[in-house]
Amino acid sequence: MKTIKYFLIGILFLSFSYTQAQVSVNVNIGTPPEWGPAGYTDVRYYYLPDLETYYDISTSNYMYLNNGRWVRTRSLPSAYRNYDLYNEYKVVLTDYRGDRPYDNFKTHKVKYGKGYQGQPQKTIGQKPRKGNNKGKDNGHHDNGNHNGNGKGKGNGKH
């Protein structure tokens, strides 16, 4: 009887330890936005060169300079409401671990200047068509006015 009791306690202990290990592995990263570049699962930040802004996947916040201070907000400033996050380039910061990617802003600003284009990117999701948002805020912040900066990679067919 004692042997069976110890055996059951041992199995319970091992299963509890295994469960704890599983939980700690899967907690560190949030869900990337639909406009994020496909193929990156272990990153936390994107740098948006045209906006000189960072996006934190884990908190779904944008980080940008506002009157000389870095702010974190859930949406882009109104000045960028026409910015098309699906078509513009995102730099995936694969080598940064921490909470302040903007500490490297001077380097990022020079290395990835406005208009920067690296390797071609495919987004995680498809760009929503006008009228298909159904009231959902997907981080797109596009009002349908497509008089952009001409740097997109459209194929010219509408």
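The values are calculated or read from the model by the stated rules, or taken from the named source; none is laboratory data. The model shown is predicted, which means the values in this text are computed figures rather than measured ones. Please note: Cβ atoms are built from the backbone with ideal geometry, for glycine as well, and neighbour counts cover all protein chains shown. Only protein heavy atoms, including side chains, enter the accessible area calculation; ligands, DNA and RNA are left aside. Shrake-Rupley method; radii C 1.70, N 1.55, O 1.52, S 1.80 Å.
Provide the net charge surrounding V92, with neighbours chosen by a C-beta distance below 14 Å and charges set as Lys +1, Arg +1, Asp -1, Glu -1.
Its environment carries a net charge of +1.
Rounded to a whole number, what % of the accessible area of segment 36-115 do carbon and sulfur atoms account for, probe 1.4 Å?
42
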